Amino acid sequence: MFLRELSASIDTIKGAGPAAVKALAGAGVYNVAALLSRYPRDWEDRSHPVLLKDFARYPSVCTIVKVLAHYWFGAGQMRTLKVYVEDESARAVLVCFNRPFLEKQLRVGNYYRLWGKFYYKYGEIQSTAFDIEALGEDYDESRMLPDNTKPGNPGQIFPVYSLTAHITQKMLHKLIRNALDQYGKNLEDELPRDIRDREALMSKAGAIRSIHFPATLAALESAKKTLIYEELFYLEIMIGKRALERKTSILQALEQGTSVKKESGSMEFTPMQKRLIERLPFQLTSGQLSAIEEINFDMDASYPMARLLQGDVGSGKTLVSFFAALKAVDAGMQAAIMAPTELLARQHAESAARLLEPLGIRPAFLTGNMKAAGRNNLLKALSRGEIDIVVGTHALFSKDVAYKNLGLVVVDEQHRFGVMQRSAIMAKGDHPHLLMMSATPIPRTLALTVFGDMDVSIIRDLPPGRKTIKTHLARQSSEQRVYDFVRKELASGHQAYFVYPLIEGDESKDLKAAESMAERLGKEVFPEYSTALIHSKLDDEEKRTTMEAFRQGSVKILAATSVVEVGVDVPNATCMIIEHAERFGLSALHQLRGRVGRGIDQSYCFLVYSDELTEDGKKRLMIMLENSDGFIIAEEDLKLRGPGQIAGIEQSGYLNLGIADPIRDADTLVRARSDAFGILETDPGFLEPEHRMIDEVLRRAPPFSTVTL
Ligand code: ADP
Ligand code: MG
């Protein structure tokens, strides 16, 4: 049978007493299948003990030692046991913090196998994190390896499980071993034969046994490979199914409803789009062109588009979204373009007015801060269909906003929005098309998982003539040199941003820092140039006028918090000075740097750091110095921080995989995806209905966040 069908309860396992059954139930493990699916979190190769003196060669070592003496130090609660041990090469001290019970377990004169991390401290070899295994007092030192045949003695490659209350390693070892003996032999393979052959995967029975108790390191690797592939395969099956469901459920809805959509798409430009192209002062890049073609094709097809448009900062995504909006308008529908900040929404609205109004389009701008009268008129016009394209913040989906015929939703800087917000705006239309845009490039691997059922367009090129931004690191103490450089740029007519960090939870203090900096910049450093300050606490009108003054060039220096991080576009600005750059994350740094280099002039980014630089901070700055490609920076970010930290995907369930890691296992993921999608193409019912339980792996994960169609 299949592993998941091993529904026999825990108490049927030999040696499972009531205490163990209860403890496992507490951890949500009720049956044999669940127990065997609890893979170890690590494995320790205890088959090769090393000499104590060589500890530094390995992160953790297995040694065989004899206990020499016990010694207590500290008093009261702090009383701590030290145990002196030795082998033939050296002596070491085991510091037993919070483990007074080791006094009884580590008997003077007896031999133990130790597994732990060692280091030098106060001239001694010490360990505070170690495991022990008793070898007895008559252990024969001349035989390096202990007897593994003794019942209850773990194998030489030792599984280490994550523990929860009342569960011990020993308990899991025993029960899993017994469960494998009782039930493990007849496990059936689940993956299609040809895939297993091609990938050289183990049998399911073999993989499950070897993941828990590998005979060799090679067997362990093979088991991991098998189970990783399997997990990713099922993940992609689920994602593929969601994509299919989206398409079919919507097709059904369309059949019942009145919507008229063509069967097949066309990449032809619409009349409005052609007119916009004629009016543009530049040529579309080939990346923009193909993104527009893909969007046109999608928007003609019989089910709504769900497309993610990725492109580095400055690649011209806004314009692509305008083309998408024109496509909707040409089809007699409205488009809503949503941006995460007021500043950005306003900028888009202004561009829309500039570029689209001359075509006869009626654009509008909607935010939460509008006066009641204006807002009411606008809402009326929207619901009557007198507005074609509305640009705004999340106010676009407030309760009182109704559309006549919402055909397209564009979400700019999508990672800034929560799941709820996206679905709320989608609900304003009848299966509107969805275009999400991201300037924080989503690493390919995440794009395949979190956004796995969306189609993806990537703009790889930047508009021509853009020069790589020159990035420099500068110590705070040598800031004067940075100022001198910026002065030259200002003298030649360019503009500069100075950005200060705004750390959450301490906004007032940081704000003051930005304020006083703006003042210092204006009064002391650059008295000859006009300086303005912008931050999120300013009221709307003030933000607008400040931004406008900067855009027009009457303000030369913009001191800002990271509000300018997303989207702001002022091509004449050529200097970006980021103060306390070490406090920003990589994606913020990349975004901020992307505010310059938007025109044809050479631009510069100065990352000014203070002396208290952490290792991570240093790494981030180096990555910024060495890379300009947002995709590479995003991958590095992922490596540094782990996927859970990447904005917008925390709730995605992406992290809940058991053994696979889509980043580390990216290549496998790609193969598993193509296998899974290939199978679904010929057999959309794959794994159903009798295989329903397979999403056990994914059960803990909430539905994929972006698939709220
Ligand atoms: P992002 O992809 O970061 O959102 P924007 O849409 O803000 O980029 O575009 C950046 C700048 O590039 C804008 O000033 C825009 O007008 C300009 N731009 C867009 N497309 C082109 C193009 N094909 N050629 C030249 N400039 C372009
Ligand atoms: Mg943008």
- Query: Given the structure, is Phe584 at pLDDT 95 or above, touching a Leu at 6+ places or on another chain (Cβ under 9 Å) and surrounded by 22 or more Cβ atoms within 10 Å (Cβ to Cβ)?
  - Reply: no
- Going by the structure shown, is Phe322 at pLDDT 90 or above, closer than 21 Å to Arg598 by Cβ and under 31 Å from the mean Cα position of the chain (by Cα)? yes
- Message: Here's a check for you: in the stretch 412-435, which residue that is farther than 20 Å from Ala331 by Cα and within 16 Å of ligand 1 (Cβ to nearest atom) is modelled with the highest pLDDT?
- Response: Asp412
- Counting just the residues of the stretch 295-317 that are within 16 Å of ligand 1 (Cβ to nearest atom) and part of a helix (DSSP H, G or I), which one comes out farthest from Leu592 (Cα to Cα)? Ile295
- Message: I'm trying to understand the selection: among the residues of the stretch 546-594, which are assigned to a helix (DSSP H, G or I), β-branched (Val, Ile, Thr) and either more than 16 Å from ligand 1 (Cβ to nearest atom) or over 26 Å from the mean Cα position of the chain (by Cα) (or both)?
- Response: Thr546
- Message: Here's a check for you: in the stretch 658-668, which residue that is modelled with pLDDT under 85 and touching a Leu at 6+ places or on another chain (Cβ under 7 Å) is surrounded by the fewest Cβ atoms within 10 Å (Cβ to Cβ)?
- Response: Ile663
- Quick one: would you say Gln347 is in the same structural domain as Leu434 (by TED's automatic domain parsing) and either more than 12 Å from ligand 2 (Cβ to nearest atom) or surrounded by 20 or more Cβ atoms within 10 Å (Cβ to Cβ) (or both)? yes
- Message: So Gln288 passes all but one of these: (1) surrounded by fewer than 24 Cβ atoms within 10 Å (Cβ to Cβ); (2) within 13 Å of ligand 2 (Cβ to nearest atom); (3) closer than 18 Å to Leu406 by Cα. Which condition number does it fail?
- Response: (3)
- Query: Is it the case that some residue within the stretch 320-341 is outside any strand (DSSP E or B), away from ligand 1 (no atom under 11 Å from the Cβ), touching a Lys or Arg at 6+ places or on another chain (Cβ under 7 Å) and not hydroxyl-bearing (Ser, Thr, Tyr)?
  - Reply: yes
- Query: What single numbered condition from (1) away from ligand 1 (no atom under 13 Å from the Cβ); (2) part of a helix (DSSP H, G or I) fails to hold for Gln288?
  - Reply: (1)
- Query: Does Gly74 satisfy the condition of being at positive phi and touching a strand residue (DSSP E or B) at 6+ places or on another chain (Cβ under 6 Å)?
  - Reply: yes
- Message: For the stretch 382-396, check the following and say yes or no: at least one residue is in contact with a helix residue (DSSP H, G or I) (Cβ under 6 Å, 6 or more places away or on another chain), of a type in the set (Gly, Ala, Ser), outside the structural domain of Lys537 (by TED's automatic domain parsing) and surrounded by 15 or more Cβ atoms within 10 Å (Cβ to Cβ).
- Response: yes
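The values are calculated or read from the model by the stated rules, or taken from the named source; none is laboratory data. A quick note: this is a predicted structure, and the numbers were derived from the prediction, not measured. Note that each Cβ is placed from the backbone with ideal geometry, even for glycine, and that neighbours are counted across all protein chains shown.
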